[in-house]
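The values are calculated or read from the model by the stated rules, or taken from the named source; none is laboratory data. Fair warning: this is a prediction, and the values are worked out from it, not measured in the lab. Cβ sites come from the backbone with ideal geometry, for glycine too, and all protein chains shown count toward neighbours. SASA here: full protein model, heavy atoms, side chains in, ligands and nucleic acids out. Shrake-Rupley method; radii C 1.70, N 1.55, O 1.52, S 1.80 Å.
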Amino acid sequence: MNGLLNYLKEIGAGIKTLLTGMRVTSGYFFSPKEIVTQKYPENRDTLKMFDRFKGELEMPHTAENTHTCTGCGICENVCPNGSIQILTHKKENEEGKLVKQLHTHIYHLSMCTFCGLCVKNCPSDAIVFNQSFEHAVFDRQKLTKVLNKPGSILKKEAKGL
Amino acid sequence: MYDFSQLTQAIHLFLVQHLNSSSVAIVELVLVGLLFLTMYAILGLTLVYMERKVCAFIQNRLGPNRVGPLGLLQTVADLIKLLFKELLMVKKADKFLFNLAPFIVVIASMMTIGALPFAKGFQAIDLNIGLFYIISITSLGVLGILLAGWSSNSKYSLLGALRSGAQIISYELSVSLSLLSIIMFTGSMQLSVIVESQANGWWIFKGHIPVFISFLIFLIASTAETNRGPFDIAEAESELTAGFHTEYSGIKFAFFFLAEYMNMFLSAALAATVFLGGWMPFHVSGFEGLNQVMDFIPPIVWFFGKTFTLIYVIMLFKWTFPRLRVDQLLTLEWKYLLPINLVNTIVIAFVVVMGWYF
């Protein structure tokens, strides 16, 4: 008798869990607002990528054409597949000292795996990922980019910090 | 109000006036055959489209939406692609059986739709053993599957086919036993009689709890019979690549694919006919106003409405439940469905004898 009761209880519990599952999937079926698919080429103008999206590497410049890259080369060293090359040169600063400064920051988009180690390790937060995602070009030369703008210099830090 | 037999009678009279009796028979056979073949193809395409859309909405996707408006022509494009594909042949396959198998599967599913009553008078042949005929023809399909598995000379195909055999032989019992409940209520196996007997209420309401149990069992067992959903151990993409149709390509593969969907339609249509009144509108005896409003909706709408609702439920099974292992599958049938079904059959016999139904 006890066995029969257990048998029936088992069936009841089984049906209950099955119905719970079906309620969840039916809920998704009848709620078209939750659809996550983007109709890409049509919504190209309105499509906005989320903030943490790793698009391509970018070096933010201020209005005075300055950046914060010191040319230390840490990003070049941490990059696992060598997509960053830092070229530096010695240049006089305002005090007349000869200092090592950034000459060109070369970024090979074709080799980048978007791991983000460079951005994470940069001591002066000079590089960030932007939200662009349409990387296709007809000439692969275009995938090699120079991140610092021509004529840009290191941003002067406020003394005493 | 909506009687198809008037239309068919008019066509018959028109043909009799212009032709002799033997050519009338030939012309009518050709007409019926063309009508049902077209319906078969269109239903197959619709079901594939519906499956993809339902699956997509359940998974919060959009599904096909590029070919034609709302992706409606996607399945047509797929069919054209399959027609142009090369028919690959396994070198050491049994060529005759290999080519025969998909046709057996398709013909088995095609033969049954002739016996289904789609609307009043819209039935190719009204056999007095309609239900028995449908049960026996649908179980012919497994022959095709077994032949496909055996003749492909491939271990995946053979394993899939043997699993399918075990599955269908087990679940055939539950399907027939659950249909037996309605046969006991109506005392007839003729589908038109079964539909007419539901004029004062569908069997699922008239027969209350025991019929509801057998309806559930029928739904589960027929899902298993079509090799679908959580019971797809015969195809088993994850372990047997594609099961019995691993070695098939092009249009022969499409035949298996189409037959699977048509079997799903058949089981849904059969459940709708037997338990939910087929083309019979929703009637409650005593409420004449309601009955007349319901009569206003054409029976073909009722039939396809019920059928597609059940098809949606079967699709929901597939996209909700995890797959069963072979032993779990057989446990479900032999330890749960069959004993419950047998007890239920005795209960129904008692209910019928005592007249405890509406």
Pairs, please: C-beta under 7 Å, at least 6 apart or cross-chain, first residue open to solvent by 50 Å² or more (accessible area, probe 1.4 Å) and in segment B:32-46, second of a type in the set (G, A, S) and not in a helix (DSSP H, G or I)? B:V32/B:A124
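Residue-by-condition table, conditions (1) among the small types (G, A, S); (2) assigned to a loop (DSSP other than H, G, I, E, B); (3) without any contact (Cβ under 8 Å) to a residue 12 or more places away in the chain:
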{"residue": "B:F103", "(1), (2), (3)": "no, no, no"}
{"residue": "B:F132", "(1), (2), (3)": "no, no, no"}
{"residue": "B:V142", "(1), (2), (3)": "no, no, no"}
{"residue": "B:G149", "(1), (2), (3)": "yes, no, no"}
{"residue": "B:L158", "(1), (2), (3)": "no, no, yes"}
Could you list all residues from segment B:13-24 that are surrounded by 13 or more Cβ atoms within 10 Å (Cβ to Cβ) and either without any contact (Cβ under 8 Å) to a residue 12 or more places away in the chain or not aliphatic (A, V, I, L, M) (or both)? B:L19
Out of curiosity, is B:K91 assigned to a helix (DSSP H, G or I) and of a type in the set (K, R)? no
Can you name the residue in segment A:28-38 that is more than 20 Å from B:R66 (Cα to Cα) and either within 21 Å of the chain's Cα centre (by Cα) or of a type in the set (A, V, I, L, M, F, W, C) (or both) and is also nearest to the other protein chains (Cβ to nearest Cβ) among such residues? A:F29
Going residue by residue through segment B:233-253, is there one that turns out to be modelled with pLDDT of 80 or more, under 17 Å from the mean Cα position of the chain (by Cα), open to solvent by 10 Å² or more (accessible area, probe 1.4 Å) and aromatic (F, W, Y)? no
Can we say B:A101 is modelled with pLDDT under 85 and open to solvent by less than 80 Å² (accessible area, probe 1.4 Å)? no
Mind checking whether some residue in segment B:281-297 is open to solvent by less than 50 Å² (accessible area, probe 1.4 Å) and within 17 Å of B:Q123 (Cβ to Cβ)? no
Among the helices (runs of 4 or more DSSP H) contained in segment B:250-329, which hold 2 or more residues that are within 14 Å of chain A (Cβ to nearest Cβ) and of a type in the set (S, T, N, Q)? B:299-320
Conditions first: (1) out of contact with any strand residue (DSSP E or B) (no Cβ under 7 Å at 6 or more places or on another chain); (2) assigned by TED's automatic domain parsing to the domain that holds A:D139; (3) not charged (D, E, K, R). A:P41 passes all but one, so which condition is the exception? (2)
Could you tell me how many of the residues in segment A:72-119 are assigned to a loop (DSSP other than H, G, I, E, B), touching a residue at least 60 places away in the same chain (Cβ under 8 Å) and buried (at least 16 other Cβ atoms within 10 Å of the Cβ)? 0
Which of the residues spanning segment A:114-151 are of a type in the set (S, T, N, Q) and within 24 Å of A:T70 (Cα to Cα)? A:N121, A:S124, A:N130, A:T144, A:N148
Residue ID - most open to solvent (accessible area, probe 1.4 Å), chosen from residues in segment A:121-148 that are touching a residue at least 24 places away in the same chain (Cβ under 8 Å) and not in a loop (DSSP other than H, G, I, E, B): A:R140
Complete set of residues in segment B:54-92 that are away from every other protein chain (no Cβ under 14 Å), open to solvent by less than 50 Å² (accessible area, probe 1.4 Å) and in contact (Cβ under 8 Å) with a residue 60 or more places away in the chain: B:L82, B:V90
Do the conditions hold for A:P41, that is, is it open to solvent by 60 Å² or more (accessible area, probe 1.4 Å) and within 9 Å of chain B (Cβ to nearest Cβ)? no
Across segment B:314-323, which residue is nearest to B:G278 (Cα to Cα) among those that are of a type outside the set (S, T, N, Q) and touching a Ser or Thr at 6+ places or on another chain (Cβ under 9 Å)? B:I314
Quick count over segment B:330-358, residues being within 13 Å of chain A (Cβ to nearest Cβ) and assigned to a loop (DSSP other than H, G, I, E, B), is 0
